[in-house]
Amino acid sequence: MTVMSQDRVAEAFRRWGYLHAELDPLGRLIPFPHPDLEESRDADANRWRSVYCGSIGAQFMHMPYPDRCRFIAERMEAEPQAPDRRRILRRIAEIELFERFLHGRYVGTKRYSLEGGATLVTALDAILDGGAEMGAELALIGMSHRGRLSIMTRVVGVQPALIFAGFGDIDPRSTLGGGDVKYHLGATGAYQAAGGRTVAIHLVSNPSHLETVDPVLMGRTRARQRRLEDSSGTRVLPIAVHGDAAFAGQGIVSETLNLAGLPGFSVAGTVHVIVNNLIGFTAEPVRLHSSRYASDAALRLPIPILHVNGEDPEAVARASRIAVEYRHAFASDVVIDLIGFRRYGHSEVEDPTTTQPLLYVRIAERPMLFESYGARAVEGPEAIVALRDSIVAGLEEELAIGRAMTAKPVLRRLPSYWDRYTGGPWRDDLDVETGVRADRLEAIAREITRHPEGFAMHPKVAKGLERRLAMVLGEAPIDWSTAEALAFGSLLLQGTPVRLAGQDSRRGTFNQRHAVWIDRETGREHIPLQQLAQSPAFFEILDTPLSEAASLGFEYGFSRDYPEALVCWEAQFGDFANGAQVIVDQFVVAAEDKWGLLSGLVLLLPQGFEGQGPEHSSARLERYLQLAAEDNIQICQPTTSAQYFHLLRRQALGSWRKPLIILTPKGMLRLPAAGSDRLELTRGRFLSVLPDSAAAGARRVLVCSGRIAHDLRAERTRRAVKDVAIVVLEQIYPFPDKALAAALGELSGAREIVWVQEEPANMGALSFVRPRLQQLVGDRHVTTVHRSASASPATGSTKAHAIEQQRLMDLAWARFD
């Protein structure tokens, strides 16, 4: 056997010791053989083995940063500080006895017990205590349902009586009602740290789509840090609690990790805690991830992973303290892999012995952790009994209080910056004037087209800026991107922050925006709109990674804690939002109904049937209309630059905070007919319907939405038709009944009402609009013109598209008997 030098022995254990660490209380993770460790057999090796192969397995030598590796090594090799064993014991006992109390009082009810992973509270205590010492004032916690009730009561500080009242389902409308919804509601409270400091806690609302909360947590953290001007991330601490199977299996985890160091998305490090039961639903790790550890998904980042035995509370506290210190020192993510087990099935109504019979025999034999740890940590069994009796007596009192409650439990308080905003149904009195004076528009235009001294502009960009200024000076109609820039600039001058993120959004997918200029010679960046921001406004425009779910989730989260800002997420093409459908379904459209939470997030989804193929032609309008109910969202398809201008300003300046889906154009970005005279930006507001009073004697009315309105008008001119009116639906939801009825009322002589759309019959707004349109026109019959039903949105042939488009025109103008 080769004799290794002491330095090489130390290096071997620092690098590979975690493979031999005693991490699993049930012994399922057997040591993984590694030749460097096998060769190390002398007394010195035993010392290093005790450091790196005990209850903590530190996986950190993959990092390419010597100082960060040294940081972890020094703390692992230092003598552990004496823990507060009585506090640790009491906290674990509170968790386990609370879970056991629920198990006995609410038999057959899902609660997703934390038993087997109760030292999560030990980890959170250490993280929050350390964070408080380092200046944390607020901690945001994102987690799924396992152990959520325990964390609510024992970390966030929610009174247990409120949880018991929720189980009693005292209010049939309560979001703490039946099923597993009670585990998803957010909560706010305060944590009393060991040093006497108080840390405000916000537990983020989260659906059953486990890891979708991760980017939302980051977005909310970024917003809070921005509010507090916390560029170091010291004052706001994000903690993400994961399940092992979900961490390894959910792609959104990887997407979220990728955001960690990107400009405009960094939160100065997130502390990730994996509550690792070594099982997912009913499947064991060998069927869930191809590598040894679920935490290996985090290896895409150069960050430390601290594996720790969940039944060694003191090791859990130590690893967690190292983690929060690391995050503070390097503004970096860090992962704690807390390995334990699951005492019951996935939920308490399931029998895990049908799939893991041998494992659950062993689990059933294990005592509660507070009992086994208490036997080691305190003197005498009497102290443990007294602790148990005291905690259970307190729970009985809380149960009595909860059962006597008659009001809906309130688990959270919204920050004061939400006070001026409202949700609920739309009312006409919520509309606002959005025009901007001509002199102000001109001042904005001059600022956003002015070249910094010595800045080498790209000639194409410079020429576009010249055209932009000319438009605002009245020399040409204002195009789409100019109207957008003017909307942003006017809001910034009024003190409204603006944030826009999306794939290639700084330039614009269609080479239309150029919100960021790049010096041709130096590469220096200049963002002209930032020069307009009046405090407390700011302007951020960000390119996002080539993924959608985490990016949209982040912006949704940001909007939740910056309601006064115009927060926009732009899809490169409208159908790219498909990749973020779970964020749309679970947060954007449903958060108000499920959790009473509002958001003013704007989704910009380019749509246009330009004969370029089925990919990216359609933003899938029909999907958003299917999700629309109870005035939960706004869905608009403006057809002119002025309409877009007013719509953006309405979203920012109004008090009604609902997500806004805008189908933005592709080819129409530069279509002359979609341009607007500058005077249209100086007066009025967004119009949900564009009437056609010029055709007052019309025999037929074509009702449509989007680009096809311009095609129909052009065709009317070409055919020299005088008796056909074109009414354009600019807002499809909430459906503008009054405005549309008024527009159609001006055309009462028309007996033929035709809905015209570009999309196939099974797509677009047809199925949503037609019954509402028919109800409005009464005995006048509504017919429709559209492409035939299709499995894909559009043809891939430009010639076939042109034929189809002409056929649409012919049908729209045909004489119906």
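The values are calculated or read from the model by the stated rules, or taken from the named source; none is laboratory data. All values reported here derive from a predicted model rather than from experimental measurement. Please note: Cβ atoms are built from the backbone with ideal geometry, for glycine as well, and neighbour counts cover all protein chains shown. Quick note on the areas: whole protein, heavy atoms, side chains included, nothing else; ligands and nucleic acids left out. Shrake-Rupley method; radii C 1.70, N 1.55, O 1.52, S 1.80 Å.
Data table
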{"item": "Those residues of segment 144-154 which are surrounded by 24 or more Cβ atoms within 10 Å (Cβ to Cβ) and among the aliphatic types (A, V, I, L, M), in sequence order", "result": "LEU149, MET152"}
{"item": "Residue ID - farthest from HIS346 (Cα to Cα), chosen from residues in segment 240-295 that are aromatic (Phe, Trp, Tyr) and within 25 Å of the chain's Cα centre (by Cα)", "result": "PHE265"}
{"item": "Matching residues, segment 785-799, being under 21 Å from LEU712 (Cα atoms), touching a strand residue (DSSP E or B) at 6+ places or on another chain (Cβ under 7 Å) and surrounded by 12 or more Cβ atoms within 10 Å (Cβ to Cβ)", "result": "VAL785, HIS786, ARG787, PRO793"}
{"item": "Single residue of LEU653, LEU712, LEU729, LEU648 found to be within 28 Å of THR496 (Cα to Cα) and open to solvent by less than 10 Å² (accessible area, probe 1.4 Å)", "result": "LEU648"}
{"item": "Candidates ALA802, ALA765, ALA812 - the one that is open to solvent by less than 20 Å² (accessible area, probe 1.4 Å), out of contact with any His (no Cβ under 7 Å at 6 or more places or on another chain), closer than 17 Å to ASP711 by Cβ and modelled with pLDDT under 95", "result": "ALA812"}
{"item": "Options TRP426, TRP480, TRP418: the member that is open to solvent by 30 Å² or more (accessible area, probe 1.4 Å) and either touching a residue at least 60 places away in the same chain (Cβ under 8 Å) or more than 30 Å from LEU369 (Cβ to Cβ) (or both)", "result": "TRP426"}
{"item": "Some residue of segment 19-31 being more than 17 Å from ILE339 (Cα to Cα) and either in contact with a strand residue (DSSP E or B) (Cβ under 9 Å, 6 or more places away or on another chain) or not β-branched (Val, Ile, Thr) (or both)", "result": "no"}
{"item": "Subset of segment 693-709 [of a type in the set (D, E, K, R) and surrounded by fewer than 21 Cβ atoms within 10 Å (Cβ to Cβ)]", "result": "ARG699"}
{"item": "Check on PRO497, surrounded by fewer than 17 Cβ atoms within 10 Å (Cβ to Cβ) and either touching a helix residue (DSSP H, G or I) at 6+ places or on another chain (Cβ under 7 Å) or within 26 Å of ASP561 (Cα to Cα) (or both)", "result": "no"}
{"item": "Candidates LEU203, LEU257, LEU185, LEU237 - the one that is in contact with a Phe, Trp or Tyr (Cβ under 8 Å, 6 or more places away or on another chain) and touching a residue at least 12 places away in the same chain (Cβ under 8 Å)", "result": "LEU185"}
{"item": "Filter result for SER290 (without any contact (Cβ under 8 Å) to a residue 24 or more places away in the chain, within 26 Å of MET61 (Cβ to Cβ), surrounded by fewer than 23 Cβ atoms within 10 Å (Cβ to Cβ) and among the polar types (S, T, N, Q))", "result": "yes"}
{"item": "Residue in segment 60-67 that is among the charged types (D, E, K, R), under 28 Å from GLU311 (Cβ atoms) and either assigned to a helix (DSSP H, G or I) or open to solvent by 20 Å² or more (accessible area, probe 1.4 Å) (or both) present", "result": "no"}
{"item": "Of all residues in segment 101-142 being charged (D, E, K, R) and not in a loop (DSSP other than H, G, I, E, B), the one that is farthest from SER320 (Cα to Cα)", "result": "ARG105"}
{"item": "Given (1) open to solvent by 10 Å² or more (accessible area, probe 1.4 Å); (2) at pLDDT below 95, number of the condition ASP129 does not satisfy", "result": "(2)"}
{"item": "ALA743 vs. criteria among the aliphatic types (A, V, I, L, M) and either over 21 Å from GLU622 (Cα atoms) or open to solvent by 50 Å² or more (accessible area, probe 1.4 Å) (or both)", "result": "yes"}
{"item": "In segment 768-784, the residues that are among the hydrophobic types (A, V, I, L, M, F, W, C), free of Cβ contacts under 8 Å to residues at least 60 places away in the same chain and open to solvent by less than 40 Å² (accessible area, probe 1.4 Å)", "result": "VAL777, VAL782"}
{"item": "Unmet criterion (only one of (1) open to solvent by less than 40 Å² (accessible area, probe 1.4 Å); (2) more than 29 Å from GLU804 (Cα to Cα)) for ALA629", "result": "(1)"}
{"item": "Selection count, segment 463-477, where residues are surrounded by fewer than 16 Cβ atoms within 10 Å (Cβ to Cβ) and either over 15 Å from SER641 (Cα atoms) or of a type in the set (D, E, K, R) (or both)", "result": "6"}
{"item": "Extreme residue, farthest from ILE92 (Cα to Cα), among residues of segment 366-396 that are of a type in the set (Lys, Arg) and surrounded by 15 or more Cβ atoms within 10 Å (Cβ to Cβ)", "result": "ARG366"}
{"item": "Options ALA565, ALA619: the member that is within 20 Å of ILE662 (Cβ to Cβ), in contact with a Leu (Cβ under 6 Å, 6 or more places away or on another chain), among the hydrophobic types (A, V, I, L, M, F, W, C) and crowded, with 21+ Cβ neighbours inside 10 Å", "result": "ALA619"}
{"item": "Given (1) outside any helix (DSSP H, G or I); (2) open to solvent by less than 50 Å² (accessible area, probe 1.4 Å), number of the condition LEU399 does not satisfy", "result": "(1)"}
{"item": "Residues of segment 407-428 satisfying the condition of being assigned to a loop (DSSP other than H, G, I, E, B), at negative phi and small (Gly, Ala, Ser)", "result": "ALA407, GLY423"}
{"item": "Total residues in segment 571-595, condition open to solvent by 40 Å² or more (accessible area, probe 1.4 Å), more than 29 Å from GLU610 (Cβ to Cβ) and among the small types (Gly, Ala, Ser)", "result": "0"}
{"item": "Selection within segment 429-445 - farther than 25 Å from ILE633 by Cα and either assigned to a loop (DSSP other than H, G, I, E, B) or open to solvent by less than 50 Å² (accessible area, probe 1.4 Å) (or both)", "result": "VAL436, ARG437, ALA438, LEU441, ILE444, ALA445"}
{"item": "Count of segment 202-232 residues which are crowded, with 24+ Cβ neighbours inside 10 Å and either assigned to a strand (DSSP E or B) or more than 18 Å from the chain's Cα centre (by Cα) (or both)", "result": "2"}
{"item": "Flag for GLY117 being within 30 Å of the chain's Cα centre (by Cα), open to solvent by less than 10 Å² (accessible area, probe 1.4 Å) and small (Gly, Ala, Ser)", "result": "yes"}
